[in-house]
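Scroll down for the structure; my scribbles are underneath it.
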Amino acid sequence: MTLATTHPEIADTLALKRRTMTLALLTTVYFFSYMDRQILAILLELIKADLKLSDGQLGVLSGLAFAIFYAVLGIPVARLADKGNRRNIIAIALAIWSVMTALCGLAQNFGQLLAARIGVGVGEAGSSPPSHSIIADLYPADRRAGAMAIYSLGVVLGAGVGTFIGGTVAHIWGWRVAMLTIGLPGVALAVIVYFFVVEPRRGLSDVDRLAHSHPMPSLATGFSTIWANAAARHLVMAVTITSLVGYALSGWGPSYLQRSLGLSVLQISLYIAPIGTAFAAFSAVMGGKLADRVARKHGLHAQSSMVAWLKVIAFPFVLLFFLSDNLAVALFGYFASLLFASSYLGPTFALLQGLAPVQLRALWAAITLLVINLLGLGLGPAAVGWLSDAFRPTFGDESLRYALVCVGMLTPWAIFHYWRAGVLLHRSEKVTAAG
């Protein structure tokens, strides 16, 4: 018997009292997840020279090899999370991917590095779905976007700090030591998560929905429920296309800065990464707060519309970054794009968790992540690598620049889906209000 089953009121009070600490720890886990996932970006040129790899192979390592296992295994992990202890799943997963990241540093060829990256993907499959579910249970709908925005800081901070630490260590001791340095601390964090993260009662912050809960539907029902919700479909499409572009640009951005703009690994690590992290973190936090504010004033649909408009503003700056030969102008475009484009994750996942049935929150998160990572993470970096190899006979050393531009041009498609989701959510709110 646990505290939750013997004294549910006491357990609920404890969960809510410690939710800030729980959110902080889950954000830290997400930080380690993204740091271990994206460390490869700053190391690509060093790995390419050491192991004699092509851009196509680097693209597979950056995205496809990781994404297939990460995305597919997310579904059974989410099913387990909807039934079992989510905290334990997160702690075990963190330990696995941390060890596998360290093992990347021992690889002697493409095959060994590929196997280790697959291992990272297997481990990280156990992180986000149960984390999304816990956060949704701890925070009510009108505060959920802000909480999810804090959680999404793991993306920008993980990528930025990973680049800073990884690039600096690689400059001094090489890329292999960088992998070990990034990977091993995660094992200690797994122990902390096990002892301190709260496992809340499902539906704790949605009492009205919990009262009408039903036995857990089948996996097929989980897929069909998200497909049947038009707003959810558009949100999944929007975040998938956004992630495809984002993973492609973040995965190859450091290589582009080195090849086309002449920066060194150390310069990117010491100067570009910290500034970019600050802009993206500000965008994520303020975007979440703004999303909560517009939701309270105009309704939840305004969160999706807000993301669409911010992406409209960011799009020209992305193109400026990749099309300018002037370093100062290109960096201005890069930082400006981060300021407006990095706030989408919190509102998107908050909206999806709000639309999901209580018993299927982890599963809906996993389905979303399945699509995001198979198409976004899986194809984004790989497509850039393949396009770069294809463009090389025509553009030479500038092939990577034009490969990135081609992928970046998908952004208006994502904007359409965010806009459409906002329209559908607004209609649903009107129907609910009228009823």
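The values are calculated or read from the model by the stated rules, or taken from the named source; none is laboratory data. In this text the structure is predicted, and so the values were computed from the model without any measurement. Note: ideal-geometry Cβ built from the backbone for every residue, glycine included; neighbour counts use all protein chains shown.
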Original post:
When you go through (1) at pLDDT below 80; (2) within 18 Å of Gly354 (Cα to Cα); (3) among the β-branched types (Val, Ile, Thr); (4) surrounded by 16 or more Cβ atoms within 10 Å (Cβ to Cβ) one by one for Val207, which number turns out not to apply?
Top reply: (4)
**OP:** Would you mind listing the helices (runs of 4 or more DSSP H) fully within segment 28-132 where at least 2 residues are free of Cβ contacts under 8 Å to residues at least 24 places away in the same chain and farther than 26 Å from Ile172 by Cβ?
**Re:** 65-83, 110-124
Original post:
Restricting the first residue to segment 303-314 and requiring it to be within 14 Å of His234 (Cα to Cα) and in contact (Cβ under 8 Å) with a residue 60 or more places away in the chain, which pairs with a second residue that is of a type in the set (Ser, Thr, Tyr) and outside any helix (DSSP H, G or I) meet a Cβ separation below 9 Å and a spacing of at least six or different chains?
Top reply: Val307/Ser343; Val307/Tyr344
Original post:
Looking at Arg87, Arg79, which is the one that is among the charged types (D, E, K, R) and at pLDDT below 85?
Top reply: Arg79
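So that you can scan it fast, the table gives a plain yes or no per residue for (1) over 30 Å from Gly56 (Cβ atoms); (2) in contact (Cβ under 8 Å) with a residue 12 or more places away in the chain; (3) not in a loop (DSSP other than H, G, I, E, B):
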| position | (1), (2), (3) |
| --- | --- |
| Leu360 | yes, yes, yes |
| Leu363 | yes, yes, yes |
| Pro381 | no, yes, yes |
| Gly396 | no, no, yes |
| Cys406 | no, yes, yes |
| Tyr418 | yes, yes, yes |
| Gly422 | yes, yes, yes |
**OP:** Check segment 227-240 and report whether any residue there is over 22 Å from Pro76 (Cα atoms), of a type in the set (Lys, Arg) and either assigned to a helix (DSSP H, G or I) or modelled with pLDDT under 85 (or both).
**Re:** no
Original post:
Of the residues Ser343, Ser337, which single one is outside any helix (DSSP H, G or I) and of a type outside the set (A, V, I, L, M)?
Top reply: Ser343
**OP:** Determine whether segment 173-187 contains at least one residue that is of a type in the set (S, T, N, Q), surrounded by fewer than 22 Cβ atoms within 10 Å (Cβ to Cβ) and either part of a helix (DSSP H, G or I) or under 19 Å from the mean Cα position of the chain (by Cα) (or both).
**Re:** yes
Original post:
When only residues in segment 316-342 that are buried (at least 24 other Cβ atoms within 10 Å of the Cβ) and free of Cβ contacts under 8 Å to residues at least 40 places away in the same chain count, which is nearest to Ile150 (Cα to Cα)?
Top reply: Ser337
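Residues that are within 24 Å of the chain's Cα centre (by Cα) and closer than 23 Å to Leu249 by Cβ: does segment 422-435 have at least one?
no
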Original post:
Out of curiosity, is Leu387 in contact with a Cys (Cβ under 7 Å, 6 or more places away or on another chain) and in a helix (DSSP H, G or I)?
Top reply: yes
Original post:
at pLDDT below 85, of a type in the set (D, E, K, R), closer than 21 Å to Val423 by Cα and over 17 Å from the mean Cα position of the chain (by Cα) - does that describe any residue in segment 278-293?
Top reply: yes
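Which of the residues spanning segment 362-420 are farther than 28 Å from Gln258 by Cβ and of a type in the set (D, E, K, R)?
Within segment 362-420, just Arg420 meets the criteria.
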Original post:
Considering Leu424, Leu345, Leu377, which residue is surrounded by 24 or more Cβ atoms within 10 Å (Cβ to Cβ), farther than 19 Å from Ser283 by Cβ and not small (Gly, Ala, Ser)?
Top reply: Leu377
Original post:
Among the residues of segment 279-302, which ones are without any contact (Cβ under 8 Å) to a residue 40 or more places away in the chain and either crowded, with 18+ Cβ neighbours inside 10 Å or among the hydrophobic types (A, V, I, L, M, F, W, C) (or both)?
Top reply: Val294
**OP:** Among the residues of segment 250-275, write down those that are modelled with pLDDT under 90 and under 11 Å from Leu338 (Cβ atoms).
**Re:** Ser250
Original post:
Taking Tyr271 and the conditions (1) part of a helix (DSSP H, G or I); (2) touching a residue at least 40 places away in the same chain (Cβ under 8 Å), which numbered condition does it fall short on, given that it satisfies the others?
Top reply: (2)
Original post:
If we scan segment 106-124, do we find a residue that is within 14 Å of Ala365 (Cβ to Cβ), buried (at least 23 other Cβ atoms within 10 Å of the Cβ), at pLDDT below 90 and under 19 Å from the mean Cα position of the chain (by Cα)?
Top reply: yes
